[in-house]
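Structure, as structure tokens:
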């Protein structure tokens, strides 16, 4: 099938001599302004240029004899006349799917960002409340400790480069409640209430922690002395502990 493209012109405005401010010009003359557009299959893609014709209102024939006043008046009108909306039909048709897709992407990005911000704010609020409770412990506070197994990582020279989460294990939670508070330390006892987490294998059922260690553990994982068998220095695998949640009645 042969592709049809090219250009054509459509009248967009007609003026009388009086509307153009022309004197000593026949009122029978009609001054037409045309919009020329580029088309594909006769669908206007974009405007090309404007031009004018002068017709005899009686015979409808084109008037070829013009004067400078006529030409100047028509040229001025064309400069002020905007290309009609329909002359961009093809561009609009092509742009709509692109704009829709762009809008969808932008909406998705904003939505994801909004959700991310909301989650971050909720997390920051939770951490702030947790740290406040950690700094002012009370008897009966319920602490949820999260236990994480980590493996030692070495650099290219075989030197220790820290630890990372063990590939074959996942963190688990254990609940302890506060049963003792002194100036510098807090005592904990395992929570045996029905429905609480009670996986205490390898953990002490009762222990004391320095208040400073509790505050740090509320921020990130620490090597806390709640393990029944403490971690050895530079151990290949060890367990670290963080405070996931603090509940107070």
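A short reminder: the numbers here are calculations on the coordinates, not readings from a lab. Nothing here was measured: the structure is a model prediction, and the numbers come from that model. Heads up, the Cβs are rebuilt from the backbone with ideal geometry, glycines too, and the neighbour counts pull from every protein chain shown.
Determine, for 23, 146, the number of other Cβ atoms within 10 Å of each Cβ, and report the residues in order from fewest to most. Each step should come with its number before you reach the end.
Numbers: 23 8, 146 17.
With the sparsest Cβ surroundings first, the list reads 23, 146.
Going by average Cβ neighbours within 10 Å, how do the peptides 176-182, 240-246 rank, with the highest at the top? Before the final figure, lay out the partial values.
On the way: 176-182: 16.1, 240-246: 20.1.
With the highest mean Cβ count within 10 Å placed first, the list reads 240-246, 176-182.
Using alpha carbon centroids, what distance separates region 67-99 and region 4-28, in Å?
Between the Cα centres of region 67-99 and region 4-28 lies a distance of 14 Å.
I'm checking a number: the convex hull volume of the Cα atoms of region 136-247, normalised per residue, in Å³. What is it?
Values: hull volume 12.1 nm³, N = 112.
So the per-residue Cα hull volume is 108 Å³.
Quick one: among 185, 128, 68, which has the greatest mean-square fluctuation in a GNM of the chain with alpha-carbon springs under 10 angstrom?
68
Could you list the residues of region 1-44 with an amide nitrogen less than 20 Å from a label point located 7 Å from the Cα of residue 96 in the Cα-to-C-beta direction?
Of the residues in region 1-44, 38-44 have backbone N under 20 Å from the label point off residue 96.
So between residue 5 and residue 152, what do we pick up on full extension, going 0.36 nm a residue minus the alpha carbon distance? Mind dumping the intermediate values first?
Working: separation 147, 0.36 × 147 = 52.92 nm, distance 6.96 nm.
Additional length available on full extension: 46.0 nm.
Which entry in (1) 73, 45, 34; (2) 62, 50, 29; (3) 111, 45, 37 is this structure's computed Cα extents along the principal axes in Å?
Correct label, based on the coordinates given: (3).
To the nearest 500 deg cm²/dmol, what mean residue ellipticity at 222 nm is calculated for the chain from DSSP H runs of n ≥ 4 alone, each contributing -39,500 (n - 2.57), summed and divided by the residues? Don't skip to the end; give the middle numbers.
Values: 3 runs with 67 residues, N = 249.
After summing the helix terms and dividing by residue count, I get -9500 deg cm²/dmol.
Taking 0.36 nm per residue of sequence separation and subtracting the Cα-Cα distance, how much length would be gained by fully extending the chain between residue 173 and residue 86, in nm to one decimal? Walk me through the numbers before you get to the answer.
Working: separation 87, 0.36 × 87 = 31.32 nm, distance 6.62 nm.
Taking 0.36 nm per residue and subtracting the Cα distance, the gain is 24.7 nm.
Taking a point 7 angstrom from the Cα of residue 182 along the C-beta vector, which residues in region 213-240 have backbone N less than 15 Å away?
The answer is 213.
Taking a spot 7 Å from the Cα of residue 223 along the direction of its beta carbon, which residues of region 153-179 have an amide N less than 16 Å from it?
153-154, 160-165
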